[in-house]
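The values are calculated or read from the model by the stated rules, or taken from the named source; none is laboratory data. No experiment lies behind these values; they were computed from the predicted model shown. Note: ideal-geometry Cβ built from the backbone for every residue, glycine included; neighbour counts use all protein chains shown.
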Amino acid sequence: MRDKGISEILIIGFSLGMLWDAVTTFLGVITIIAGPTYTLSIQNTDPNTWGIYGISLVGAVVVFCFNLITVNVWEEAKEGRWTLIAPWFLCVVFDFFTSLAGNYRFILPERQGEIAVVGVIWFTTLLTTISPMTVRYIVMDYSDR
């Protein structure tokens, strides 16, 4: 991105996607672990609540961090060090599917089978999944100037 003005706009736009990705990843892990009928509440008296929230938070943060270091992972792979490629790939796939589950939590149950709704959710999930790596790439390029 050579145009400095557009880089700032892109960073803001992709940062919103990045924030949404983090939220839906967290919610997606909760949905997958606890089931789709689980009610999100701090005052939930289920003894597993804090464990579910803890696993979801740690999972979302680690996945988010791997997504942010995408450029570094691929630079190391070019130098012959492939050690981070497998965990990075697994984290991006995990991020996509947990974000997908998190996004589905926001859709009314009677609309979840409609092809247009499914397409929009999948496309939005794909865009938000790549948002952290895009922000990092643009920030690195922006800071090089």
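Pull up the range 54-74, narrow it to residues that are in contact (Cβ under 8 Å) with a residue 40 or more places away in the chain and assigned to a helix (DSSP H, G or I), then point me to the one that is farthest from TRP122 (Cα to Cα).
VAL71
Quickly run through the range 89-111 and pick out the residues that are closer than 22 Å to GLY17 by Cβ and assigned to a loop (DSSP other than H, G, I, E, B).
Result: ARG105, PHE106, ILE107.
What is the number of the single condition among (1) surrounded by fewer than 17 Cβ atoms within 10 Å (Cβ to Cβ); (2) among the aliphatic types (A, V, I, L, M); (3) in a helix (DSSP H, G or I) that MET18 does not meet?
Looking at each condition in turn, MET18 falls short on (1).
Only residues in the range 30-53 that are closer than 19 Å to PHE106 by Cα count as the first member; pair them with residues that are part of a loop (DSSP other than H, G, I, E, B), Cβ under 6 angstrom, at least 6 apart or cross-chain, and list the lot.
Filtered contacts from the range 30-53: THR31/ARG105.
It is to be established whether one or more residues within the range 132-140 are among the hydrophobic types (A, V, I, L, M, F, W, C), surrounded by 14 or more Cβ atoms within 10 Å (Cβ to Cβ), at pLDDT 90 or above and part of a helix (DSSP H, G or I).
For the range 132-140, residues among the hydrophobic types (A, V, I, L, M, F, W, C), surrounded by 14 or more Cβ atoms within 10 Å (Cβ to Cβ), at pLDDT 90 or above and part of a helix (DSSP H, G or I): present.
Which ones in the range 13-50 are small (Gly, Ala, Ser) and modelled with pLDDT of 80 or more?
Scanning the range 13-50 gives GLY13, SER15, GLY17, ALA22, GLY28, ALA34, GLY35.
Please pick out the residue among VAL93, VAL73 that is among the hydrophobic types (A, V, I, L, M, F, W, C) and in contact with a Leu (Cβ under 6 Å, 6 or more places away or on another chain).
Matching residue, one of VAL93, VAL73: VAL73.
One line per residue, one yes/no per condition, for (1) surrounded by fewer than 18 Cβ atoms within 10 Å (Cβ to Cβ); (2) β-branched (Val, Ile, Thr):
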| position | (1), (2) |
| --- | --- |
| LEU27 | no, no |
| THR31 | no, yes |
| LEU40 | yes, no |
| TRP50 | yes, no |
| VAL62 | yes, yes |
| ASN72 | yes, no |
| ARG81 | yes, no |
| TYR104 | no, no |
| GLY113 | yes, no |
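Could you list all residues from the range 75-88 that are more than 19 Å from the chain's Cα centre (by Cα) and either modelled with pLDDT of 90 or more or part of a helix (DSSP H, G or I) (or both)?
GLU75, GLU76, ALA77, LYS78
PHE97 - would you say it is among the aromatic types (Phe, Trp, Tyr), surrounded by fewer than 14 Cβ atoms within 10 Å (Cβ to Cβ) and out of contact with any helix residue (DSSP H, G or I) (no Cβ under 6 Å at 6 or more places or on another chain)?
Spelling it out, it is not the case that PHE97 is among the aromatic types (Phe, Trp, Tyr), surrounded by fewer than 14 Cβ atoms within 10 Å (Cβ to Cβ) and out of contact with any helix residue (DSSP H, G or I) (no Cβ under 6 Å at 6 or more places or on another chain).
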